[in-house]
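Values quoted throughout were computed directly from the atomic coordinates according to the rules given, and no laboratory measurement underlies them. What you are looking at is a predicted structure, and each value in this text was computed from that prediction instead of being measured. No Cβ is skipped: glycine too gets one built from the backbone with ideal geometry, and neighbour counts run over all protein chains shown.
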Amino acid sequence: MSTVVNDTHEVVKELLTAIIGEDFIGEYDLGLESTLTGDLEMESIEIVEFAEKVKAKYGNNANMSEWVAKLSLDQLIALSIGDVVEFIDNANS
Amino acid sequence: MQIVKLKNGLGLNVQVLNPEGREAIIMIHGMFGNLAQYYLTIAPFIAKEYKVILFDLKSQGRSDRMETGYDLKTFAEEVVGLADSLGLEKVHLLGYSFGCLIALKCAMEFPERIGKVVTIEVPDKSREPLMARGSYTYDHFNYFVHYLNTDVRENFFRSKRQMQNTFNMYEYVFNHTTFAEDMNNEKEFQQADFAKIKSPVLLAFGRESICCKELVRIMNWIPFTDIYLEEGSHDFFVEKVEQSSKRIIEFLNSSASFSNPSFESTDQAIAPSTL
């Protein structure tokens, strides 16, 4: 994995921490394989917050709202931190 | 997302997509939902052309909690109040399920403020106009009271942050507000109420949804209607995101004047050949 991907992963972890909260984030594995709705137990409204933070951080190229809207329900449920990191890196490449 | 304060002090959680869109459309989610219902589905597609305003109804999502005002008139006033706070004179509306009732109430009470109305799955049942919400409310009420009053609650929600948050919302709304009382006291929409609607209305239903059975009666009571039937059930737009978005944009963009297609039966109205 490249340095760029690792950097993105660190930023994504920071964004997730801001949403889930310092008090709770320690309960979760923030590895690339962890899923947002399953492993991190994120609610739909938290996914929205996360998508907006990604957009604010990386600009409209990383329009996560449009991306997730194209996912099927099953794909959304299976969405992992690694998927988001890959999406951001592809959007910025 | 941002909290927008209404004149009555209520803070609504709002998310705007494409602020530069040509016209504004406010989307009203279903009961016990939040703005994610649209953000994760049709909103980004409709935002390619329109300024899309998503918000959480009071006591849901990230909006303020409130003990009173769960009648449709108050909900409608809050939608128009949101438009006021955002400086919008005229807006289109889109509602899903219970949100349809609020959207239609807005069109009845504030016809001069509403452009077009999109309803996705108006809740209804045969020959008892819009009374479905009564049973809907109490079904949920009884279900959650059951969990409130038994030890099952501890197991059911244990260590599930998302379920706990959901439960907290239900517990608050049902036990600390006038929600159930207000819903129960709500009067049915009458034909004269529908006649007040000046807006073109798109009635969207899933073909397999139980709500679809009431299409003809509702359609015949609203002066200007267009209809859209899609494969699927009550939440068809979640599965058919792009198709649904395309049809909604087509309706919003259309300059056609709509009138009742005058189908005589539901079977005729929902037949694939007629659409």
Net charge of neighbours whose Cβ lies under 12 Å from the Cβ of B:Ile248, counting Lys and Arg as +1 and Asp and Glu as -1: 0
What residue among B:Ala204, B:Ala192, B:Phe236 has its Cα farthest toward the positive end of the dipole of region B:162-241, where the charges are +1 on Lys, Arg and -1 on Asp, Glu, each on the Cβ? B:Ala192
So the label point goes 7 Å from the Cα of A:Glu86 along Cα→C-beta, right? Which residues of region A:28-61 then have their backbone N under 12 Å from it? A:33
Can you figure out the FRET efficiency of B:Thr68 with B:Lys213, using R₀ = 41 Å and their beta-carbon distance, to the nearest 0.05? 0.75
Report ³J(HN,Hα) in whole Hz for each residue of region B:224-230, in order, from the Karplus equation J = 6.51 cos²θ - 1.76 cosθ + 1.60 where θ = phi - 60°; Gly and Pro get x. 10, 10, 10, 10, 9, 10, 10
Kindly flag which residue pairs out of A:Lys55/B:Lys116; B:Lys58/B:Lys240; B:Lys48/B:Lys105; B:Lys48/B:Lys213; A:Lys13/B:Lys48; B:Lys7/B:Lys90 have an alpha-carbon separation exceeding 24 Å in this structure. A:Lys55/B:Lys116; B:Lys58/B:Lys240; B:Lys48/B:Lys105; B:Lys48/B:Lys213; A:Lys13/B:Lys48
Evaluate the relative contact order of chain A (contact order divided by residue number), counting alpha-carbon pairs under 8 angstrom at least 6 apart; express in whole percent. 39 percent
Label B:Glu20 and A:Leu71 with points 7 Å out from Cα along Cα→Cβ: what is the distance between them in nm? 2.8 nm
Region A:3-92, convex hull of Cα, quarter of hull surface, nm² -> 5.2 nm²
In deg cm²/dmol, rounded to 500, what helix-only [θ] at 222 nm does chain A give when every DSSP H run of at least 4 residues adds -39500 (n - 2.57) and the total is split over its residues? -19500 deg cm²/dmol
Peptide B:33-40, shielding by other chains (average Cβ, 10 Å cutoff): 5
Taking the Cα-to-Cβ direction at B:Gln191 and at B:Ser255 and moving 7 Å from each Cα, how far apart do the two end points lie in nm? 3.5 nm
Just checking the output field for B:42-49: average partner chain Cβ neighbours within 10 Å of each residue's Cβ? 3
Cβ-based net charge around A:Glu14, under 13 Å, with every Lys or Arg adding one and every Asp or Glu removing one: 0
Give me the distance between the Cα centres of region B:1-39 and region A:9-86, rounded to whole Å. 21 Å
So for the pair A:Tyr28, B:Phe224, with labels modelled 7 Å out along Cα→Cβ, what separation do we get in nm? 4.6 nm
Treating only the Cβ of Lys, Arg, Asp and Glu as charged (+1, +1, -1, -1), what charge dipole size does region A:3-92 show about its Cα centre? Round to the nearest 20 debye. 440 debye
Cβ-Cβ cut-off under 13 Å around A:Asp29, Lys and Arg +1, Asp and Glu -1: the net charge is -3
In order through region B:77-85: 3J(HN,Hα) via Karplus (6.51 cos²θ - 1.76 cosθ + 1.60), integer Hz, x for Gly, Pro: 4, 6, 5, 5, x, 5, 4, 4, 5
Can you list the residues, at least 5 places off or on another chain, whose amide H is less than 5 Å from the amide H of B:Ile28, using H built in the peptide plane? B:Leu94, B:Gly95, B:Tyr96
